[in-house]
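The values are calculated or read from the model by the stated rules, or taken from the named source; none is laboratory data. Just so it is clear, the model here is predicted, and its values are computed rather than measured. With ideal geometry, Cβ positions are generated from the backbone for all residues, glycine too; neighbour counts draw on all protein chains shown. Remember, those area values only see protein heavy atoms, side chains included, never the ligands or the DNA or RNA. Shrake-Rupley method; radii C 1.70, N 1.55, O 1.52, S 1.80 Å.
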Amino acid sequence: MAEMEIGNDEQKMLPKKEHEDYDRAKDVKAFDDTKAGVQGLVDVGVVKLPPIFHMPREYIHDHPTLNGHNLHGFQVPIIDLKHVSDPCLRKEIVDKMRLASEKWGFFQVINHGIRQDVMKEVLEGVRRFHEQPKEVKMKYYSRETEIVRYYTNYDLHQSKGASWRDTLICVMAPTPPPPKIYPSACREILLEYSKHVQSIGEVIFELLSEALGLDPDHLKDIGCLEGHTFGCQYYPPCPEPERTLGHVRHRDPDFLTILLQDQIGGLQVLHQDHWIDVPPLEGALIINIGDLLQLISNDKFRSVEHRVLAKSVGPRISLACLFSTHLEPSDRVYGPLKQLLSPQNPPLYQETTILNYLNSYKSVGGLENALSFHKL
Ligand code: OGA
Ligand code: NI
């Protein structure tokens, strides 16, 4: 015990660099080369967090966390879509969605029409993929932009601390590849869920158009609903959850995200400088505004930072459906919508293609606001 205390004191006295000075790049490369992801570490029984996952304190403790019944009474809005086709009650839904998109950038929807068994099955499909032997998953392991790929931490080689999470990316639309490209562990259910999420996406984009005071088809007409990509996330149980995160804070680089999470919890959204839990709600879908919708709405709707805590329990499984056409080369430019502008509300952003915007997103990593590069 005494020895340990001396050890700790010595460590504190050392110049910071000396005890942090390990060859991080080498360790990162070795980990990447395993092509087995975080789950590969869990499979071999790691009981301590490998140093490449140690996050700088300021990444984790940047804002206070308010959970449970917080004093401010902050709660991510929940919107019931049951009466969406009733013209009188629809207005109330549109008003709630406008407020949520302006103030939170996040809300949960219930009674959205996707059956619970489909939602359960698709999360099971994601689990099946990630829980296969590493030899099967490795074939999909890649850091290139591809229609289907498996990897861990998209910014593994740039970040100062890796997140405790593996990801399977599947581009589902607008140009569906031959189905056999998708992993057989989840192929059928991903294709089925894709159809459901497309129809609910249509409803949400109509409501958001109305919330902006536009024709209901407006956001669809300019292509917001054209493409969607699945981020199938797997957060294994973490041996030292307080030293890392499941998903470091970021904004989403799309128009809109529809997220399905399981019952484990850990997702938090930044609201008025506090991290607020987005509690699991059986049967609900989480919707959040992405950067591109913030840009075209000229900051009326907000793309808000969010993160996922690491947990000792798990795995936690989620499926993020990102609406954008980021793999389709397109000359289409997006800027603040003319209908929303006036002398009092001048455009805040330059026009940009999706690809150009994504390049700035990648250049800064998720931690910074890529939209600032497109400000006028
Ligand atoms: C994302 C994301 C949250 C989650 O994939 O962009 O924020 O709960 N996911 O997995
Ligand atoms: Ni996200």
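Do we find a residue being part of a loop (DSSP other than H, G, I, E, B), small (Gly, Ala, Ser) and at negative phi anywhere in the range 339-355? No, the range 339-355 contains no residue that is part of a loop (DSSP other than H, G, I, E, B), small (Gly, Ala, Ser) and at negative phi. Scanning the range 296-308 for residues that are of a type in the set (Asp, Glu) and either open to solvent by less than 10 Å² (accessible area, probe 1.4 Å) or within 22 Å of ASP62 (Cα to Cα) (or both) yields one hit, GLU305.
Looking across LEU256, LEU267, LEU293, LEU260, one residue alone is open to solvent by less than 10 Å² (accessible area, probe 1.4 Å) and more than 12 Å from ligand 1 (Cβ to nearest atom). It is LEU293. Is it the case, given these coordinates, that ALA310 is within 16 Å of ligand 2 (Cβ to nearest atom), under 23 Å from CYS238 (Cβ atoms), modelled with pLDDT of 95 or more and not β-branched (Val, Ile, Thr)? Yes, satisfied. Selection over the range 229-251 of residues that are open to solvent by less than 10 Å² (accessible area, probe 1.4 Å) and within 9 Å of ligand 2 (Cβ to nearest atom) gives a count of 1.
Taking the stated definitions as given, is GLN344 touching a residue at least 40 places away in the same chain (Cβ under 8 Å) and either more than 11 Å from ligand 1 (Cβ to nearest atom) or open to solvent by 10 Å² or more (accessible area, probe 1.4 Å) (or both)? So GLN344 fails the test.
So, in the range 202-228, of the ones that are surrounded by 20 or more Cβ atoms within 10 Å (Cβ to Cβ) and either within 16 Å of ligand 1 (Cβ to nearest atom) or assigned to a loop (DSSP other than H, G, I, E, B) (or both), which residue ends up farthest from the chain's Cα centre (by Cα)? Applying the filter and picking the extreme gives LEU212. Tell me, please, whether a residue that is within 16 Å of ligand 1 (Cβ to nearest atom), within 13 Å of ARG316 (Cα to Cα) and of a type in the set (Lys, Arg) can be found in the range 124-138. Yes; the residues of the range 124-138 include at least one that is within 16 Å of ligand 1 (Cβ to nearest atom), within 13 Å of ARG316 (Cα to Cα) and of a type in the set (Lys, Arg). When the range 243-253 is filtered for residues that are near ligand 1 (Cβ under 9 Å from one of its atoms) and either closer than 22 Å to VAL118 by Cβ or not in a loop (DSSP other than H, G, I, E, B) (or both), the ones remaining, listed by number, are GLY246, HIS247, HIS250.
In the range 256-293, which residues are in a loop (DSSP other than H, G, I, E, B), closer than 20 Å to LEU99 by Cβ, within 13 Å of ligand 2 (Cβ to nearest atom) and more than 11 Å from the chain's Cα centre (by Cα)? Within the range 256-293, VAL278 is the sole residue that qualifies.
The number of residues in the range 308-341 being of a type outside the set (S, T, N, Q) and within 16 Å of ligand 1 (Cβ to nearest atom) comes to 15. Flag not set for GLY125, criterion: assigned to a loop (DSSP other than H, G, I, E, B) and either hydrophobic (A, V, I, L, M, F, W, C) or farther than 30 Å from ILE296 by Cα (or both).
Read through the list (1) within 16 Å of ligand 2 (Cβ to nearest atom); (2) open to solvent by 10 Å² or more (accessible area, probe 1.4 Å); (3) out of contact with any Phe, Trp or Tyr (no Cβ under 9 Å at 6 or more places or on another chain), then give the number of the only condition that HIS196 fails. Among (1) within 16 Å of ligand 2 (Cβ to nearest atom); (2) open to solvent by 10 Å² or more (accessible area, probe 1.4 Å); (3) out of contact with any Phe, Trp or Tyr (no Cβ under 9 Å at 6 or more places or on another chain), the lone unmet condition for HIS196 is (1).
Condition (residue is aliphatic (A, V, I, L, M), within 17 Å of the chain's Cα centre (by Cα) and at pLDDT 95 or above) applied to the range 183-197: is it met by at least one residue? Checked against the condition, which is being aliphatic (A, V, I, L, M), within 17 Å of the chain's Cα centre (by Cα) and at pLDDT 95 or above, the range 183-197 yields at least one hit. Taken over the range 140-186, the residue count meeting the criterion of being within 16 Å of ligand 1 (Cβ to nearest atom), open to solvent by less than 20 Å² (accessible area, probe 1.4 Å) and touching a Ser or Thr at 6+ places or on another chain (Cβ under 8 Å) is 13.
The residues listed here are GLY7, GLY45; of these, the one that is open to solvent by less than 70 Å² (accessible area, probe 1.4 Å), over 30 Å from LEU212 (Cβ atoms) and modelled with pLDDT of 95 or more is GLY45. For the range 356-376, the set of residues classified as part of a loop (DSSP other than H, G, I, E, B) and more than 24 Å from THR145 (Cβ to Cβ) consists of LEU376 only. For the range 26-42, filtering for residues that are in a loop (DSSP other than H, G, I, E, B) and open to solvent by 30 Å² or more (accessible area, probe 1.4 Å) leaves 1. Here the range 61-88 is the region considered, the condition is being modelled with pLDDT of 95 or more and open to solvent by less than 50 Å² (accessible area, probe 1.4 Å), and the residue that is nearest to the chain's Cα centre (by Cα) is VAL76.
The residues of the range 309-341 that are under 30 Å from LYS195 (Cβ atoms) and open to solvent by 60 Å² or more (accessible area, probe 1.4 Å), listed by number, are LEU327, GLU328, PRO329, ASP331, ARG332, VAL333. Checked against (1) touching a Phe, Trp or Tyr at 6+ places or on another chain (Cβ under 9 Å); (2) in a helix (DSSP H, G or I); (3) surrounded by fewer than 17 Cβ atoms within 10 Å (Cβ to Cβ), MET119 passes all but condition (3).
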